[in-house]
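Read through the structure below, which is laid out as structure tokens, and then see the notes.
Values quoted throughout were computed directly from the atomic coordinates according to the rules given, and no laboratory measurement underlies them. Source: prediction; values computed, not measured. Counting neighbours? That spans all protein chains shown, and the Cβs are built from the backbone with ideal geometry, glycine included.
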Amino acid sequence: MQSKTAHFKENAKKALGDAQLQRVLDKFSTGFPVKRAQAAARLPEFEDLRDAARDIRAHVLDNLDVYLERFETKVIETGGMVHWARGGSDACSIIGDICKSVDAKTVTKSKSMIGEEIAINDYLEKNGVDPVETDLGEYIIQLRDEPPSHIIVPAVHLSKEQVAETFREKHTDLPADRVLDNPRILLDEARGKLREKFLSADVGLSGANMLVAETGSIALVTNEGNADLSVGLPRVHIVLASIEKVVPCMEDAWTLLRVLARSATGQDLSVYTSFVTGPKRSDDLDGPEEFHVVLLDNGRSSMLGSEFHDMLRCIKCGSCINHCPVYAKIGGHAYGWVYPGPMGSVLSPALLGDVSANDLPNASTLCGKCETVCPVRIPLPEMLRQWRNRQFEANQMPTRQRLGLRAWAWLARRPRTYRLVMEIGTGLLTKLAPRNGRFKNLPFAKGWTSKRDLPAPQGKTFMAQWKQRSNGGSS
Amino acid sequence: MKNSPEKPSVALYVTCLVDLTRPGVGFAAVKLLEDAGCVLSVPETQTCCGQPAYNAGDQGDARALALQVIENFSGYDYVVIPSGSCAAMIKDHYPKLFKDDPAMLKRSVDLAQRTWELTAFLRDVMQYSPQNVSCPGSATYHDSCSGLRELNIKDQPRDLLGAVDGLTIVEADLAETCCGFGGLFCVKYPDISSAMADRKIDDIVNTGADTLLGGDLGCLMNLAGRMSRRGEKLKVWHVAEVLAGMTEGTRPISGDKDAK
Ligand code: SF4
């Protein structure tokens, strides 16, 4: 997916001015947190499970090579193939080649953020293959030619009226009198269309919520069952997953599954949880004849051992996004790339690997809500701060900000000069203060007064008054 | 400077915002701490705790300022701050700044252990409760992020406010949601920041309360500034001002001119 992270500020402004989007976001940002809180409250051991989930993921990262090799061996043993891809273009050509080898015309896809990361749909289209998204949300945004705005609810930025409009426009055989006014009917409408595609697809492409090293299985979690159809029906199944998704064994996978859906949607478990192991065996009733796993690095291995190491514990539940007060106002598209919200603001600069995403780690109040709801306890605010450290060290902060910051610190380190300057400053502001005690517009504080009044100082500084009081001996 | 446990020596760290814009909050803290029986000092060379630098990635300046604070506030039984955010900077983040310097780490941990946010100190250390203070009306309380999530400050101010005559507290649905201040965030991203404040203000107005209280001047100035830009009539006070009974005849942070 093309990165638009460099235009964060404009994108955010656009989102803030979009009344329809604001209505959808309002609903979203009150709904999900309540569901998550209820799910956590229903399970007394939830906090312990978060510790266990964190420990499993941390252990994996410390032994990533071991578990990846074990996973590879098992996949091969069960008759599948493993392909290693360093970057997005490597992964695209591996998938393209597999499609070509079976002369594929149509690929059914179940939701994969890694697929978005490497823009696999564009690649396939360019090579004459028709990629069909089968997750309802992904299907809708594919029809609209939009990127996802959330990692688990990709079309969360749309109202059901907008979805109905999209169907009317794109499903040309739709009778004009067909009522499309509730989610169930919309789902049925999409299902009808997708059923044909499932049956005619040559290749099924899916992501993976986990890769189980012990068995060579992949775990797939959906609420629509679309993943099962897109991997079970076509002749070839390709799994596209990033390397950190591996877990040691089934038991660990289940521990993670117990926190995943609860954190994401507040469900105890998603509606469908499937484990897929290798291609169809002789006595299986169905399943693909070929089973490929493409393991993508795309910058992750360079995060290992860095200050962003812990970010790789992420199990992509979306909880930090659901609870983020910044996301609640600007939505996912403003972030400009695949991963929005707190997790995206840490991941995107690392994976994009340049300064284009520099705004993201700064566009946070570090309010800390995300960390309190992350099932694997990633210290997200600390990671955001680490990006700010890097930017400051690399001299990437806008010059005026840097100068202002350093001047303030310079003064603060010289208490006597600081006092003098502050007395003069507050004295001036007090003189200039309007009668009602608020400044509407201060040329040197535009960042503040463009949107808010600035309360005028109450009078002399506390320290000056305190000194007077002490000297006067009154107390 | 050690004192008896009933009369501990306390250094007040007023914070930059209180010092420069609202000294009344500092004097409210002084009154509360003295009423609670503390022997109070105000170290004269105090300036900024370094949080703006720290959160902007300027670790060098943050460390230098932390060192200055550690020196300024050594020797007191307690250091008390009318801000959860500055208190959390000292308690949670100073030790991180010195994690590679064992001697400084020890000193920063020592300071961290002696440092308290005002309402937590009054309730939990001094077992203080305000006497004969009244503030008729209904108020809603904004839980500032650092105090809430880094220092677990939630019930302390509410318990203290419970002893104020005539005051009822109405809880807002989004009491724990960030107001969009975020230090430099509010001037770097004013559009997002004020939209976040608007979401909070809608929720606050919904409670029907006539007053907004909180324990961090940054958040309160942000909310008050936005409220007065929107023409909202709510009064905004720092919790210390109410607890000390120092609202009479004082203009609230929201700047309602009729109140002066
Ligand atoms: S960072 Fe944590 S909360 Fe956010 S998506 Fe990843 S696992 Fe979920």
Practice item. Starting from the exponent 0.38 and prefactor 2.2 Å, build the expected Rg for the stretch A:414-470 from its residue count and divide its actual Cα Rg by it. Key: 1.26
Practice item. Return, in residue-number order, each cysteine of chain A whose C-beta is not under 4.7 Å from any other cysteine's C-beta. Key: A:Cys92, A:Cys99, A:Cys249, A:Cys314, A:Cys317, A:Cys324, A:Cys374
Practice item. With everything on Cα atoms, drop me the angle between helix B:59-72 and the longest principal axis of chain B, reported from 0 to 90° to the nearest 10. Key: 80
**Study point:** Cα coordinate range in the stretch A:192-345, projected on the principal axes (Å, largest first)
**Key:** 50, 38, 30
Review point. Cα-Cα over 31 Å: which of A:Lys467/B:Lys91; A:Lys74/A:Lys316; A:Lys111/B:Lys99; A:Lys193/B:Lys200?
Key: A:Lys111/B:Lys99; A:Lys193/B:Lys200
Practice item. Could you calculate the FRET efficiency of A:Leu43 with A:Asp286 from 1/(1 + (r/R0)^6), where r is the beta carbon distance between them and R0 is 35 Å, rounded to 0.05? Key: 0.50
Point to revise | the stretch A:1-93: GluC sites (Glu not before Pro) in DSSP coil with no more than 15 other Cβ atoms inside 10 Å | key: A:Glu45
Revision key, fill the gap. Shielding of B:39-51 by other chains, given as the mean Cβ count within 10 Å, works out to 4
Practice item. Can you give me the three principal axis dimensions of the protein assembly as shown from its C-alpha atoms, in Å, biggest first? Key: 95, 63, 49
Exercise for review: Per residue of the stretch B:91-104, in order, report the coupling 6.51 cos²θ - 1.76 cosθ + 1.60 (Karplus, θ = phi - 60°) as ³J(HN,Hα) in whole Hz, putting x for Gly and Pro.
Suggested key: 6, 9, 9, 3, x, 5, 5, 10, 5, 9, 10, x, 5, 5
Review point. Can you tell me the Rg and Dmax of the stretch A:31-296, counting just the alpha carbons, in angstroms?
Key: 18.9, 59
Review point. Which residues' amide hydrogens lie under 5 Å from the amide hydrogen of A:Arg438, considering only partners 5 or more residues apart or on another chain, with H built in the peptide plane?
Key: A:Ala456
**Study point:** Prolate/oblate/rounded call for the stretch B:60-206, Cα gyration tensor, a/c under 1.5 rounded
**Key:** oblate
Exercise for review: Do me a favour and compute the ellipsoid semi-axes for the stretch B:130-243 from its Cα gyration tensor, root of five times each eigenvalue, largest one first, whole Å.
Suggested key: 23, 16, 11
Review point. Amide H of B:Ile169: which non-local residues (sequence gap of 5 or more, or other chain) have their own amide H closer than 5 Å, using H built in the peptide plane?
Key: B:Ala139
Review point. Tell me, what HN-Hα J-couplings in whole Hz come from the Karplus equation 6.51 cos²θ - 1.76 cosθ + 1.60 at θ = phi - 60° for each residue of the stretch A:324-330, using x for Gly and Pro?
Key: 7, x, 6, 4, 4, 9, 10
Review point. Once amide H atoms are placed 1.01 Å from N in the peptide plane, what residues at a sequence separation of 5 or more from A:Ser217, or on another chain, have their amide H within under 5 Å of its amide H?
Key: A:Val212
**Study point:** Inter-chain shielding of A:115-124 (mean C-beta neighbours from other protein chains, 10 Å cut-off)
**Key:** 0
Revision key, fill the gap. Low-density loop trypsin sites (Lys or Arg not before Pro), the stretch B:1-101, at most 15 other Cβ within 10 Å, DSSP non-H/G/I/E/B, are B:Lys2, B:Lys99
**Study point:** Hz values of 3J(HN,Hα) by residue in the stretch B:107-121 - Karplus curve (6.51, -1.76, 1.60), Gly and Pro given as x
**Key:** 5, 5, 5, 4, 5, 4, 5, 8, 8, 9, 6, 3, 5, 5, 5
Check your understanding: What is the mean number of Cβ atoms from other protein chains located within 10 Å of the Cβ atom of each residue in peptide A:422-431, rounded to a whole number?
Key -> 1
Point to revise | Extension gain from B:Ser129 to B:Lys99, taking 0.36 nm per residue of separation minus the Cα-Cα distance | key: 7.0 nm
Practice item. For chain B, state what percent of all Cα-Cα pairs lands in each successive 5 Å bin, counting from 0 Å until the bin that includes the largest distance. Key: 1, 6, 13, 18, 19, 17, 12, 8, 4, 1, 0
Point to revise | trypsin sites (Lys or Arg not before Pro) within the stretch A:411-464, DSSP loop, no more than 10 other Cβ atoms inside 10 Å | key: A:Arg435
Revision key, fill the gap. Between the Cα axis of helix B:23-35 and the main Cα principal axis of chain B, the angle (0 to 90°, nearest 10) is 70
Point to revise | Compactness of the stretch A:101-156 as Cα Rg over 2.2 N^0.38 Å, two decimals | key: 1.10
Exercise for review: Calculate how steeply helix A:462-472 sits against the longest principal axis of the alpha-carbon atoms of chain A, using the helix alpha-carbon long axis, and give the answer as 0 to 90 degrees to the nearest 10.
Suggested key: 30
Exercise for review: Kindly provide the helix-only [θ] at 222 nm of chain A, computed as the sum of -39,500 (n - 2.57) over DSSP H runs of four or more divided by all residues, to the nearest 500 deg cm²/dmol?
Suggested key: -15500 deg cm²/dmol
Exercise for review: Pull out a ≥ b ≥ c, the square roots of the eigenvalues of the alpha-carbon gyration tensor of the stretch B:9-124, then state rounded if a/c is under 1.5, prolate if not and a/b is larger than b/c, and oblate in the remaining case.
Suggested key: prolate
